[in-house]
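The structure appears below as structure tokens.
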Amino acid sequence: MYCFSCLRPLDSSMHGKCRRCGLAFRDEDPESYKHTYSALDHLRSWPAGIALSAVIGLVGLSVLIFMLRVQFGTKESALFWHIGVGLAIGGSGGLYAGWTRSWIARGLLLTECVIFFWAAFVGGVGAWFTTWQSMPNAPDDAYDDTGILGAVLVGWVPAALFVGGVFATTLWMRKHFASSIQQMSEPSIDSGAY
């Protein structure tokens, strides 16, 4: 028997409540707990979370290095592709961080995804200016360094907001799912058959 929310092993000595997350269960009600620990549940453990953070880190670094070598036709496409890569890496890491149970893996994933989103944002702004400067008769604004400096200094704010928002939404959905399961099983739990 496992808790629906945190996957902690349950037994009858817990008096109908998970000690880790507080979700109610009942031995006699098979719909109030999870019966098996599946392969997907193993992906929520801390070793899998750390391994996945390493994979996301390597893939993200490889993609960002590749993006440095690509020549973009327009400054808009340069910014679009860099921001798109940042959104993909940050979104996938934030999603998994909200799904995993390990706070160590969550911390690693959230930190590296904010850094990758920030790096993609700075790279996009840099590619924007580089593409703008390579155009014939580029205006003086194309050679202004304040845009890149601003991206370096403040680019982590949208990165942290986006990755943190995906993480918080995933956590909320997970807890909402667990509480809806608890509400479905509450009539049998509160029926007084303890």
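Quick one: net charge around residue 163, please, counting Lys, Arg +1 and Asp, Glu -1 for every other residue with C-beta under 13 Å from its C-beta.
Local charge sum for residue 163: 0.
What is the distance, in nm, between label points placed 7 Å from the Cα along the Cα-to-Cβ direction at residue 62 and at residue 111?
Placing both labels 7 Å along Cα→Cβ, they lie 2.4 nm apart.
Excluding same-chain residues fewer than 8 positions from residue 17, which lysines have a Cα within less than 29 Å of its Cα?
Cα-Cα hits under 29 Å: 34, 175.
Convex hull over the alpha-carbon atoms of the range 11-154: what's its volume per residue in Å³?
130
Fewest first, what order do 32, 13, 102, 134 take by the number of other Cβ atoms within 10 Å?
Ranking 32, 13, 102, 134 by Cβ neighbours within 10 Å, fewest first, gives 13, 134, 102, 32.
What is the spin-label model distance, in nm, from residue 51 to residue 76 if the labels are put 7 Å beyond Cα along the C-beta direction?
4.4
Given a cut-off of under 8 Å on Cα pairs at least six residues apart, what relative contact order in percent is computed for the range 9-148?
RCO, the range 9-148: 25 percent.
Read-outs: derived from the displayed coordinates by stated rules, not from any lab. Predicted, not measured: the structure shown is a model, and the values here were computed from it. In this analysis, Cβ positions are derived from the backbone assuming ideal geometry, glycine residues included, and neighbour counts consider all displayed protein chains.
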